[in-house]
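Enquirer: After the structure tokens below, expect a handful of questions from me.
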Amino acid sequence: MLRFLIARLSMIGVTLLVVSGVIFVVTEILPGDVAQMMLKQEATEERLAALRAELGLDRPAHVRYLDWIGGVVRGDFGDSYVQKQPISEILPRRIGHSLVLALFALALGVPVAVAAGVWAGVRPDTLWDRVVSTVGLVGISLPEFVTGVLLMLVLASTLHWLPPSSHIISGSTPLTRPEILVMPALTLTGVLFAYIMRMTRANVMEVMQTPYVRTAVLKGLPMRQVILRHVLPNAMLPTITIIATNFGWMLGGLIIVENVFSYPGLGQLLLRSIQTRDVPLLEALSLLIAATYALSNLLADLAYTALNPRIRYA
Amino acid sequence: MRLSNGSVRLLMMIALVAVMGALIAACGEDEEEGSSRTLRIGMLADYDTLDPPKLLGLPGTITVEATYDVLVMRNPDLTLQPMLATSWEANDDASEWTFKLREGVRFAHGKEFTAEDVIYTFNRMFEVESALASVMAKPTAIVAVDDYTVRFEFGTPNAVLLESIVKYHAHITPSDVDPARFALETFGTGPFRMTELVIGERAVFERNEDYWWEGHPLVDKMEYIFLTSPEARAEALKAGTIDVVFDLEISSIQTIEDHPDTKVIVAPSGSYMALAMDVREAPFDDILVRKAMQAATDREAILQGAQFGRGDIAYDHPIPPTATVFNDACLPPGYDPELAKSLLTRAGYPEGLDVTLYTSTAGAAMVEMATVFKERAAPAGINVEIVVVSEDNYWADTWMKKPFTTVWWGGRPPYEGISVVYVTGAAWGESFYSNARVDELLEIAFGQGDLEDQKETFGELQCIIVDEVPRIIPVFRPVSLGLRNDVQGMDPMWDGTMTVHRVYFE
């Protein structure tokens with residue numbers, strides 16, 4: 001088990017190194033640099049040169065990369081080009097915001113999706129099954145900026161139930177004003193619902209066909225008990241993997257939702273860092289999101305072994 | 001089969017998280033606002049720097065305007081108002097300017113404001129290559145006559161100094177602070193003190209109790225809030241979670257006007273839209289072709305199509321009709337496809353002309369302007385192919401590189417507005433235009449203090465530019481603010497920023 005963990009963690013380390021290299025190369029290939037993005041029409045050759053020198057962009061690319069990665073290894077992510085602050089001071093607050101939103105969306109979406117999946121899986125091809133499946137497909141097919149704006153129009157502008165934008169007012173946190181989380185979380189749930197519901201439904205249908213479920217039914221157990229004690233635990237295994245990978249997606253995929261609702265989390269910061277070519281900030285965010293993906297996958301594997309005694313890692 | 005320990009734990013976790021979520025949602029009742037109301041201003045763009053001479057974006061600029069002071073302010077109605085300078089005068093040929101400074105004013109960190117701070121500010125502006133340094137003549141010396149008198153010496157006449165002094169890059173910074181700190185902190189003598197800055201989220205301001213301007217500002221607390229999506233900004237204003245939307249998108253104006261609790265202020269500005277033609281390259285090297293393009297431009301249609309009828313018609317030069325030096329004797333012809341056709345025939349294009357117009361979504365309604373221009377130029381036999389370029393590298397790789405491009409400009413005072421583009425070899429001379437008479441007239445204008453003389457010089461400049469058409473300037477852009485009905489005294493400024501000195505709640 002320990003050897004497995006060490007092997008997996010060192011693989012994650014290598015993955016992150018590759019990710020950092022790829023991101024850096026991509027930002028080098030992309031047209032425009034942070035100096036051009038900041039100065040826009042006001043750019044003259046002299047002002048570009050002055051700003052580049054100030055930011056250290058006049059050094060060759062490989063020197064900048066090695067300098068940066070050397071800092072990362074020592075735990076120093078450097079300063080943001082645009083915000084002029086150490087990245088280690090910018091990130092914690094944003095991570096907190098995005099984590100709260102992602103957990104809130106999971107708490108909202110997972111139970112509903114699992115319940116709907118079980119319900120549909122137990123009675124495949126009924127009207128209810130079709131309704132649930134269609135709703136799920138619509139949810140996953142509509143882009144988040146459409147569902148987000150629709151929710152805004154209905155829940156905020158028409159019904160006045162919720163604030164239309166999720167900015168955080170001075171002296172508050174998302175936890176003291178959780179109403180700002182509801183619409184972004186609902187939007188995320190729209191996407192999440194279909195994944196988890198379809199996966200649960202398929203697994204439940206499969207487990208329902210197994211001999212032990214047939215035995216349980218035939219020996220006269222109430223259906224409720226059959227589902228809760230026999231079907232659900234076995235059907236949940238692959239679903240857990242889906243939830244875990246979705247958690248990584250939630251942190252990285254918050255870009256659209258956070259920007260539609262002006263919620264100051266990682267996604268908003270990521271978009272801004274791409275738009276301004278703020279390479280150190282972009283690198284730090286990409287590594288963070290890649291690490292979340294990798295670690296949540298690892299956790300899913302570990303949870304899988306815990307739930308299924310037939311799988312054991314040496 | 002019994003439930004394994006793992007799945008029991010998992011189910012309990014899920015249940016726990018669900019309960020927590022419900023609890024959080026349940027305690028989310030609205031908190032009532034305090035007695036003194038905060039003016040909440042919604043803004044789209046994000047922070048870049050707060051260092052006055054290095055200002056780039058709007059949030060930084062209006063943060064500086066709220067916390068620092070200039071020597072002389074140009075009001076929204078274009079009158080000049082003494083700020084840190086109480087009076088000023090030039091010598092006979094305007095080569096030396098003397099400013100009397102306000103006494104007993106203190107910076108946020110306690111230092112008293114004196115002549116040394118003025119000298120420091122303007123010297124530093126040139127040291128750090130401020131955008132203003134590229135349009136303001138560099139003084140040969142700035143001298144402290146005494147603690148409250150400062151003299152700018154230029155050696156040659158400089159009648160347009162005040163045009164630079166009123167700009168936001170010229171806010172006065174204290175001379176005893178490490179300049180590296182200006183990027184993230186504010187030290188000014190201005191109407192507000194910044195008490196909190198969370199980059200990308202908000203900036204919070206409290207009224208400066210010691211402000212020298214008796215009775216101002218009129219609100220106790222102010223908050224800038226950064227909202228990333230235009231929809232969220234407009235909806236937040238309507239819902240009353242913010243009081244002001246600064247620099248409202250033209251597309252949101254209608255919905256804000258229609259809502260019973262909100263209003264829109266559209267102010268004229270010097271900001272304008274342009275089609276730049278490289279006069280060195282065919283077919284634009286032929287003045288007849290440029291005149292044909294001019295006659296094929298339907299300004300009214302562009303105003304309607306690209307700006308929903310907001311803003312003003314422009315006449316191919318950057319001086320707005322509201323300016324004192326505007327010349328109404330030299331105007332381009334109205335929309336006339338037949339005239340354009342005959343001009344094209346004379347230029348050797350009897351069958352019509354194909355041109356490629358490069359544009360981008362890099363600000364303002366450039367793509368919309370290009371589209372309307374194409375539609376209305378077609379009857380004149382001008383076939384425009386529009387190429388929309390990625391906004392990321394538009395300014396760097398397309399503008400001033402391709403022969404025919406769209407562009408938008410911020411408002412500038414007359415001398416600067418003309419010199420930054422039309423003087424030979426101008427850094428932003430997007431048409432690569434050169435005319436000895438224009439250069440000569442600009443030199444004359446630089447030393448002219450008298451309004452009648454200025455009218456004559458700028459009048460001739462406008463006639464030449466309209467006649468030679470290095471650029472088509474169809475419309476001036478509006479500066480729009482969306483406001484709650486009870487917000488008063490907030491006027492958009494001539495340069496596209498806003499003043500917060502006189503804002504109050506009704």
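Enquirer: Just the residues that are farther than 13 Å from A:V25 by Cα, in a helix (DSSP H, G or I) and open to solvent by less than 40 Å² (accessible area, probe 1.4 Å), please, taken from region A:51-74.
Expert: A:L51, A:L55, A:W68, A:I69, A:G70, A:G71, A:V72
Enquirer: Mind telling me which of the residues B:P332, B:P268, B:P318, B:P283 ends up being in contact (Cβ under 8 Å) with a residue 40 or more places away in the chain, within 19 Å of the chain's Cα centre (by Cα) and part of a loop (DSSP other than H, G, I, E, B)?
Expert: Of the residues listed, the single one that is in contact (Cβ under 8 Å) with a residue 40 or more places away in the chain, within 19 Å of the chain's Cα centre (by Cα) and part of a loop (DSSP other than H, G, I, E, B) is B:P318.
Enquirer: Is region B:426-434 home to any residue that is open to solvent by 20 Å² or more (accessible area, probe 1.4 Å) and more than 24 Å from the chain's Cα centre (by Cα)?
Expert: yes
Enquirer: Which of the residues belonging to region B:197-222 are under 20 Å from B:L44 (Cβ atoms) and outside any loop (DSSP other than H, G, I, E, B)?
Expert: Selection gives B:L197, B:V198, B:R202, B:A203, B:V204, B:F205, B:M222.
Enquirer: Consider only pairs whose beta carbons are under 8 Å apart and that are at least six residues apart or on different chains; among these, list those whose first residue lies in region A:16-39 and is assigned by TED's automatic domain parsing to the domain that holds A:H62 and in a loop (DSSP other than H, G, I, E, B) and whose second residue is among the acidic types (D, E) and surrounded by 17 or more Cβ atoms within 10 Å (Cβ to Cβ).
Expert: So the pair list comes out as A:L30/B:D392; A:P31/B:D392; A:G32/B:D392.
Enquirer: Out of all the residues in region A:266-279, is one or more in the same structural domain as A:L103 (by TED's automatic domain parsing), open to solvent by 20 Å² or more (accessible area, probe 1.4 Å) and farther than 30 Å from A:R64 by Cα?
Expert: no
Enquirer: Hey, A:V100 hits all of (1) over 24 Å from the mean Cα position of the chain (by Cα); (2) modelled with pLDDT of 90 or more but one; which does it fall short on?
Expert: That leaves (1) as the condition not met.
Enquirer: For B:D117, are the conditions met, namely being open to solvent by less than 10 Å² (accessible area, probe 1.4 Å), at pLDDT 85 or above and part of a helix (DSSP H, G or I)?
Expert: For B:D117, the condition - open to solvent by less than 10 Å² (accessible area, probe 1.4 Å), at pLDDT 85 or above and part of a helix (DSSP H, G or I) - is met.
Enquirer: Something else: Based on what the data block shows, is A:L285 crowded, with 18+ Cβ neighbours inside 10 Å, in contact with a His (Cβ under 8 Å, 6 or more places away or on another chain) and closer than 24 Å to A:I69 by Cα?
Expert: Criteria not met by A:L285.
Enquirer: Okay, next question. Considering each of A:L99, A:L91, A:L103, A:L108 in turn, give the residue that is open to solvent by 40 Å² or more (accessible area, probe 1.4 Å), touching a residue at least 12 places away in the same chain (Cβ under 8 Å) and over 30 Å from A:V226 (Cβ atoms).
Expert: A:L99 is the lone residue from the list that is open to solvent by 40 Å² or more (accessible area, probe 1.4 Å), touching a residue at least 12 places away in the same chain (Cβ under 8 Å) and over 30 Å from A:V226 (Cβ atoms).
Enquirer: Can you name the residue in region B:380-422 that is more than 14 Å from chain A (Cβ to nearest Cβ) and assigned to a loop (DSSP other than H, G, I, E, B) and, of all such residues, is nearest to the chain's Cα centre (by Cα)?
Expert: The extreme case among them is B:P413.
Enquirer: Out of region A:194-211, which residues are surrounded by 24 or more Cβ atoms within 10 Å (Cβ to Cβ) and either under 16 Å from the mean Cα position of the chain (by Cα) or not polar (S, T, N, Q) (or both)?
Expert: Once the filter is applied, which keeps residues that are surrounded by 24 or more Cβ atoms within 10 Å (Cβ to Cβ) and either under 16 Å from the mean Cα position of the chain (by Cα) or not polar (S, T, N, Q) (or both), region A:194-211 yields A:I196, A:M197, A:R201, A:V204.
Enquirer: Tell me, please, whether a residue that is under 24 Å from B:G110 (Cα atoms) and acidic (D, E) can be found in region B:154-166.
Expert: Within region B:154-166, none of the residues are under 24 Å from B:G110 (Cα atoms) and acidic (D, E).
Enquirer: Identify, by number, the condition in (1) of a type in the set (S, T, Y); (2) more than 11 Å from chain A (Cβ to nearest Cβ); (3) outside any helix (DSSP H, G or I) that B:S164 doesn't meet.
Expert: For B:S164, the failing item is (3).
Enquirer: Mind listing just one residue for me: the one in region B:120-137 that is part of a loop (DSSP other than H, G, I, E, B) and away from chain A (no Cβ under 14 Å) and, of those, surrounded by the fewest Cβ atoms within 10 Å (Cβ to Cβ)?
Expert: Checking each candidate, the answer is B:A137.
Okay, residues lined up against (1) part of a helix (DSSP H, G or I); (2) polar (S, T, N, Q); (3) away from every other protein chain (no Cβ under 11 Å):
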{"position": "A:G136", "(1), (2), (3)": "yes, no, yes"}
{"position": "A:G148", "(1), (2), (3)": "yes, no, no"}
{"position": "A:I168", "(1), (2), (3)": "no, no, no"}
{"position": "A:T187", "(1), (2), (3)": "yes, yes, yes"}
{"position": "A:V213", "(1), (2), (3)": "yes, no, no"}
{"position": "A:I240", "(1), (2), (3)": "yes, no, no"}
{"position": "A:A244", "(1), (2), (3)": "yes, no, yes"}
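Enquirer: Still on this structure, please answer the following. Confirm whether B:I225 is part of a strand (DSSP E or B), open to solvent by less than 20 Å² (accessible area, probe 1.4 Å) and within 12 Å of another protein chain (Cβ to nearest Cβ).
Expert: So B:I225 fits the description; yes.
Enquirer: How about region A:154-166: which of its residues are open to solvent by 80 Å² or more (accessible area, probe 1.4 Å) and at the interface with chain B (Cβ under 9 Å from one of its Cβ atoms)?
Expert: If the condition is that a residue be open to solvent by 80 Å² or more (accessible area, probe 1.4 Å) and at the interface with chain B (Cβ under 9 Å from one of its Cβ atoms), then A:H160 is the only one that fits.
Enquirer: Among the residues of region B:77-105, write down those that are assigned to a loop (DSSP other than H, G, I, E, B) and surrounded by 16 or more Cβ atoms within 10 Å (Cβ to Cβ).
Expert: Listed by number, the residues that qualify are B:M83, B:L84, B:A94, B:S95, B:R102, B:V105.
The values are calculated or read from the model by the stated rules, or taken from the named source; none is laboratory data. Here the structure is a predicted model, which is why all the values come from computation and not from measurement. With ideal geometry, Cβ positions are generated from the backbone for all residues, glycine too; neighbour counts draw on all protein chains shown. All accessible areas refer to the heavy atoms of the entire protein, side chains included, with ligands and DNA or RNA removed. Shrake-Rupley method; radii C 1.70, N 1.55, O 1.52, S 1.80 Å.
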